[in-house]
Every structure is written in structure tokens, then in C-alpha cells.
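Comments concern the structure below.
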Amino acid sequence: MPGGARGFTLTEAITVIVITGIIAAVVAVFLVKPVQGYFDTTRRAQLTDLADTALRRITRDLRLALPNSVRITSAGGSVYLEFLLTRDGGRYRAERDGAGGGDVLEFGAVSAPYRFDVVGQMPSVVAGSDSIVVFNLGPGFGSADAYQGAAGNLRSVTAAGAGQITVSPNTAFPQESPAHRFQVVRHAVSYVCTPNAASPALGAVQRYWGYAVSAAQPTAFAGGGSALLAADVAACAFTYSPNAIAERSGMVALTLTLTQSTPGGPESVTLFQEAHVSNVP
């Protein structure tokens, strides 16, 4: 070449390209596993977060469950967890004051309107949408069961204010509370888990609320609202022990398995959680 300048021959250029390709292939082999591991870890963390969020939501609601209102049944491949969600609570006037005044909560002959004074702080009560329950013992205890509605110990709030609550119908509560306590019930809530081990993408956990309270635990919900809590449910289990701690506290055990399909095969996570519920009426 003129002036002593030199360049690459075609053979040298091809050799460099081949060597570079070999090095890139070797490096790629070592990078595939770490990259795949990163995506697997991220996917597993997302599944865990979804399952944890669902269980935490159920647990949060269970802590507000009316004492002795938790019940579980299975039908058609689904598991149903139901309870009555409370808004607040308080103490009712059981005796008149020194001057003979005050509206006491009557348990015998009831005068109209059926109302009582609240002792202490007035709870958060919304007339027309909340109910009052006194001394709930739950299913199997006749009229001391809020699921029996007006035939039991559930009364609708028709007026609330100035330290006084009026309820309907004008029929006496069946049993007094030894501590003169009452609970304000917002509505019934059901968590329905329908797993699908063969096709997890079709499995789900749904939350239903605001439907009519009934003596028999419902497996279909007319009215009220609903929301999807979790998808990709491959398996689940709800169990309830009403007397887990000295017959004063129940325990609900929740198990949830979420599964998603991936290029490398199905990815699954299983979480277990326990929720304590007060059963002191």
C-alpha cells in the first residue's frame, strides 16, 4: 500500500467477527440464568403481594365481625365465609336516673317508639342503613341469633342523635347483655373462594356485601355489591374454631394458593394466615 499504510484483510475481519460472536454467545449463556432468575423472583414477589393483600383484607374485616356471627360453608366447589360487619358499639341505659328519667332499653313490654339512651359516647350510627344487636350468641341459639333478623336480636335503626337511638320493629330484644352492651351492625359480608386447580386463571376470591341477612347461609347474593379480591386462585381453605381461646375468642384460618403460567412452567405461592375474632357478646 502506498505510504506504508496498512488495513485489515477480509480474512482478518471475518476472524474478528467470528471470535466476537463466540464471546457474545458464551457471555449470553452465563447471563440467561441470572436474568431468568430476576424475572422469576419478581413474578413470585408479585404473586405473594397479591395473596398477602387478599388475606390482609379478609383479616381486617374479620376483626370487625359481630361476636358469634362467623360461619363457613362449602357448595359447588366454592368455600363461603360469612359474618356481620360492625361499625361501632356502646352501652345502653339499663336503669333510670335518680330523678326517674331516661329511656331504658326495654326487654319486656315495649312502648312505641322503641328507643333507648346511650350511656357514654354516642357511637357512629346511620339511620336507615345500620342495625342494632344485643347479646348475640349466633346460629343455633334461637332468638339470640342476629341472622334471624327481626325474629332474632337484629333491629333496624330508624333514628339516631342526641345520645338516643330508635329502632324498629317494636319488639323487645330477646336477651339482656350482662354488660349492657350493644353493637352497631353495618351489613353482612361474604368472601367466596372458587379455586380451579386445572386452570388457575379461572379461580377467584370475591367479596360480597350489603345483601339481605338470612337465617340460612347464602350461596347466591341478590342486591348489595361485589368486588374481585384475587384472581389466579388454584386452591384455598377457610376454617373456623369458635372457641379457640377460653370460649371468648374464635379463630379463622385462611389458606390461599395463587398460580400463574410462565414460559418456564407454572409459578405458585401459598400463604397461610390466622385471624382472631372476639366472641364476647
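The values are calculated or read from the model by the stated rules, or taken from the named source; none is laboratory data. These figures come from a predicted structure and were not determined experimentally. Note that each Cβ is placed from the backbone with ideal geometry, even for glycine, and that neighbours are counted across all protein chains shown.
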Considering only the range 70-93, how many residues are buried (at least 16 other Cβ atoms within 10 Å of the Cβ) and in a loop (DSSP other than H, G, I, E, B)?
-> 2
What do you reckon, is Pro67 touching a Pro at 6+ places or on another chain (Cβ under 6 Å), closer than 24 Å to His276 by Cα, surrounded by 13 or more Cβ atoms within 10 Å (Cβ to Cβ) and not β-branched (Val, Ile, Thr)?
-> yes
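Any chance the range 126-133 includes a residue that's surrounded by 19 or more Cβ atoms within 10 Å (Cβ to Cβ) and under 18 Å from Asn279 (Cα atoms)?
Yes, the conditions are met somewhere in the range 126-133.
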Quick one: which residue in Arg60, Arg115, Arg93 is within 30 Å of Ser129 (Cβ to Cβ), in contact with a Gly (Cβ under 9 Å, 6 or more places away or on another chain), modelled with pLDDT of 90 or more and not acidic (Asp, Glu)?
-> Arg93
Condition met for His187 (farther than 20 Å from Leu62 by Cβ and either surrounded by fewer than 15 Cβ atoms within 10 Å (Cβ to Cβ) or not small (Gly, Ala, Ser) (or both)) = no
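Name the one entry in Leu228, Leu271 that is in contact with a helix residue (DSSP H, G or I) (Cβ under 6 Å, 6 or more places away or on another chain) and either among the hydrophobic types (A, V, I, L, M, F, W, C) or more than 30 Å from Glu176 (Cα to Cα) (or both).
Testing whether each residue is in contact with a helix residue (DSSP H, G or I) (Cβ under 6 Å, 6 or more places away or on another chain) and either among the hydrophobic types (A, V, I, L, M, F, W, C) or more than 30 Å from Glu176 (Cα to Cα) (or both) leaves just Leu271.
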Has the range 166-182 got any residue that is over 27 Å from the mean Cα position of the chain (by Cα), of a type outside the set (Val, Ile, Thr) and crowded, with 22+ Cβ neighbours inside 10 Å?
-> yes
Kindly establish whether Val167 is farther than 19 Å from Val280 by Cα and of a type in the set (Val, Ile, Thr).
-> yes
Asp103 being at pLDDT below 95, acidic (Asp, Glu) and under 30 Å from Ile132 (Cβ atoms) | yes
Tell me, which strands (runs of 3 or more DSSP E) wholly within the range 186-281 include 2 or more residues that are touching a strand residue (DSSP E or B) at 6+ places or on another chain (Cβ under 8 Å), among the small types (Gly, Ala, Ser) and under 29 Å from Val125 (Cα atoms)?
-> 225-231, 249-260, 267-278
Is there a residue being among the hydroxyl-bearing types (Ser, Thr, Tyr), surrounded by fewer than 21 Cβ atoms within 10 Å (Cβ to Cβ) and farther than 29 Å from Ser278 by Cβ anywhere in the range 195-210?
-> yes
Boolean, Pro281 is touching a Pro at 6+ places or on another chain (Cβ under 7 Å), more than 24 Å from Asp52 (Cβ to Cβ) and modelled with pLDDT under 95 = yes
Please find, among Ala230, Ala220, the residue that is outside the structural domain of Tyr147 (by TED's automatic domain parsing), modelled with pLDDT of 95 or more and surrounded by fewer than 16 Cβ atoms within 10 Å (Cβ to Cβ).
-> Ala220
